[in-house]
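The values are calculated or read from the model by the stated rules, or taken from the named source; none is laboratory data. A quick note: this is a predicted structure, and the numbers were derived from the prediction, not measured. Quick reminder, even Gly has a Cβ in these numbers, built from the backbone with ideal geometry, and neighbours come from all protein chains shown. Areas reflect the complete protein model, heavy atoms only, side chains present, ligands, DNA and RNA absent. Shrake-Rupley method; radii C 1.70, N 1.55, O 1.52, S 1.80 Å.
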Amino acid sequence: MEKISEIDKKMELILTAGQILNENGATNDKIIRVLNRIAIFMKIPQKNISLHITKQIIFLEIFDGEKSVVSFRKCNKMAIDFFAIYSITKISWQILKESITFDELKNFFEEINSKPKIYSHWQIIFAVGIACGGFCCLFGGNFLEIICTALAAMAGKFFQIKLLKHKVNEFLAIEFAAFIATTFAYFLSTDSLKPTIACSLFLIPGVPIVNSIINMINNFFQNSMLELFRAFLIILSMTAGIIVSAEIFFAANNITVMDFILLETTSDTNIFILAAAAAICSMGFAIPLNMPKKFLYIVGILGASAIFTKNFLILNFEMDLEYSTFFAALLVGFFSNIISEKLNLVSSILVVPPLLPMIPGVLTYRFLFACMEWKGLTSEQFLMVLPYGIDVMQIILSMVIGANLPRWIANEFFEKQQAEKLDKFS
């Protein structure tokens, strides 16, 4: 029987890996799979390990044959870092195939924790600008409107980074960033509202929304509700910032909340151009998520394929937005899962960025505009806006279910395949 001190060392290492994954946006099912592989590397049978994961604390219990040892680790942040998730997932397979010592693995985890972001702040600001410019193109904006959107988004992101650097509350920083971006868009493009709609979309919490539904479907309800509520607070903060800017600057030109809510955002641009814009959006939004550089072109291709498929189905088959979104997400899920299985990746790092251009961010804060400004709306206007909230839920569900359906269908095969792999190392 192992000494307790030796088990404590192993538990410390497992919890460190779990903390890195949990703090950087991995879903619960992915965390459990990775930690089970690390446990196998440490000669701990899977039947002897129990895990309970919340967003704040990870509990770990190991049975050594005679007694159980319990430990836990507090998680201090809720961030998104795809490079950290990719690195931990990769090493969890690598340690089963190669000769790596306990100390080398510990040093690797410490290096991941202390490693700076792949991209500089200016690269992130520029990426956010071109991504929001791509959104403006998806909304039918012309070249000047795209440029105005990009500049306004860059200004908003710059101030958000500065505020977070000075330890300003996350939600206050989001509200201020939305205010700055919307104000810049107004003064840069006074004859169009499209830049003001698109310039703040870099704040839409796409990853928490997608993760919350994935966790819910996998029966991790506590984490799902927490992430969903956090996503709601982010969108609420973003909407508040836009409304404050509108109340201060837009009212002078008699621009009302209903002008924002009813602004036409459909596009008659060629679907190939829209696909290219979606590729730019996907890659641009992947950079702030610290996506490994070698995967940027993959998410760009998947993003372009998703928007092309969605628009093709709408234009040629007159398919509803919800169904076209489902089939576009299904395509992304199918190919991302094939690629992730080949490369031993967590599939979410390839799935989420291509879905972001399809997140109904505009519909979401249109609905919240109406809720926050309900006193200024007539009952007919409010009933006109109410369907936006229903559409948001339907589109997000269609998108998430479509993207994850290939994994659920093939889950038995992949689980059996991975179990066979793990049995070789047990």
>> Residue under question is Lys74, and the condition is that it be more than 22 Å from Ile209 (Cα to Cα), open to solvent by 30 Å² or more (accessible area, probe 1.4 Å) and under 29 Å from the mean Cα position of the chain (by Cα); does it hold?
In response: yes
> Do the conditions hold for Ala173, that is, is it open to solvent by less than 30 Å² (accessible area, probe 1.4 Å), without any contact (Cβ under 8 Å) to a residue 40 or more places away in the chain and closer than 19 Å to Phe285 by Cα?
Replying inline: yes
> What is the number of the single condition among (1) open to solvent by 10 Å² or more (accessible area, probe 1.4 Å); (2) touching a residue at least 12 places away in the same chain (Cβ under 8 Å); (3) under 17 Å from Ser92 (Cβ atoms) that Ala39 does not meet?
Replying inline: (1)
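Okay, residues lined up against (1) outside any loop (DSSP other than H, G, I, E, B); (2) open to solvent by less than 10 Å² (accessible area, probe 1.4 Å); (3) touching a Gly at 6+ places or on another chain (Cβ under 8 Å):
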| site | (1), (2), (3) |
| --- | --- |
| Phe229 | yes, no, no |
| Gly241 | yes, yes, no |
| Ser245 | yes, yes, no |
| Phe250 | yes, yes, no |
| Met319 | no, no, no |
>> Just checking, does the stretch 268-275 include any residue being part of a helix (DSSP H, G or I), open to solvent by 30 Å² or more (accessible area, probe 1.4 Å) and closer than 30 Å to Leu343 by Cα?
In response: yes
> In the set Leu350, Leu321, which member is closer than 21 Å to Cys137 by Cα and modelled with pLDDT of 80 or more?
Replying inline: Leu321
> Between a first residue in the stretch 359-370 that is free of Cβ contacts under 8 Å to residues at least 60 places away in the same chain and a second residue that is assigned to a helix (DSSP H, G or I), which pairs have beta carbons less than 6 Å apart while being 6 or more apart in sequence or on different chains?
Replying inline: Pro360/Val392; Pro360/Ile395; Leu363/Tyr388; Leu363/Asp391; Leu363/Val392; Phe367/Tyr388; Phe367/Gly389
>> For the stretch 209-223, give me the residue count where each residue is surrounded by fewer than 21 Cβ atoms within 10 Å (Cβ to Cβ), touching a residue at least 12 places away in the same chain (Cβ under 8 Å), closer than 17 Å to Ile401 by Cα and not aliphatic (A, V, I, L, M).
In response: 1
> Within the stretch 182-203, is even one residue aliphatic (A, V, I, L, M), within 30 Å of Gly333 (Cα to Cα), assigned to a helix (DSSP H, G or I) and within 17 Å of the chain's Cα centre (by Cα)?
Replying inline: yes
> Quick one: which of Ile91, Ile49 is modelled with pLDDT of 90 or more, surrounded by 22 or more Cβ atoms within 10 Å (Cβ to Cβ), more than 24 Å from Ser282 (Cβ to Cβ) and in contact with a helix residue (DSSP H, G or I) (Cβ under 8 Å, 6 or more places away or on another chain)?
Replying inline: Ile91
>> For the stretch 113-129, which positions are open to solvent by 70 Å² or more (accessible area, probe 1.4 Å) and touching a helix residue (DSSP H, G or I) at 6+ places or on another chain (Cβ under 6 Å)?
In response: His121
>> Looking only at residues that are over 27 Å from Met78 (Cβ atoms) and charged (D, E, K, R) in the stretch 52-67, which one is modelled with the highest pLDDT?
In response: Lys67
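The rows are residues; the columns are (1) aliphatic (A, V, I, L, M); (2) surrounded by fewer than 21 Cβ atoms within 10 Å (Cβ to Cβ); (3) assigned to a helix (DSSP H, G or I).
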position: Asn22; (1), (2), (3): no, no, yes
position: Ala26; (1), (2), (3): yes, no, no
position: Arg33; (1), (2), (3): no, yes, yes
position: Ile58; (1), (2), (3): yes, no, no
position: Gly65; (1), (2), (3): no, yes, no
> Restricting attention to the stretch 98-112, and to residues there that are touching a residue at least 24 places away in the same chain (Cβ under 8 Å) and within 18 Å of Val346 (Cβ to Cβ), which single residue is least open to solvent (accessible area, probe 1.4 Å)?
Replying inline: Phe109
> Could you count how many residues in the stretch 353-408 are crowded, with 22+ Cβ neighbours inside 10 Å, polar (S, T, N, Q) and at pLDDT 85 or above?
Replying inline: 2
> Which one is nearest to Gly284 (Cα to Cα), of the residues in the stretch 324-347 that are modelled with pLDDT under 95 and open to solvent by 60 Å² or more (accessible area, probe 1.4 Å)?
Replying inline: Phe335
> Among (1) under 22 Å from Lys117 (Cα atoms); (2) in a helix (DSSP H, G or I); (3) touching a Lys or Arg at 6+ places or on another chain (Cβ under 6 Å), which single condition is Ser324 missing?
Replying inline: (1)
>> Quick check on my filter: what residues within the stretch 281-297 are assigned to a helix (DSSP H, G or I) and either of a type in the set (Ser, Thr, Tyr) or surrounded by 23 or more Cβ atoms within 10 Å (Cβ to Cβ) (or both)?
In response: Cys281, Ser282, Met283, Gly284, Phe285, Ala286, Tyr297
> Does at least one position in the stretch 189-204 carry a residue that is under 18 Å from Gly25 (Cα atoms) and either without any contact (Cβ under 8 Å) to a residue 24 or more places away in the chain or open to solvent by 20 Å² or more (accessible area, probe 1.4 Å) (or both)?
Replying inline: yes
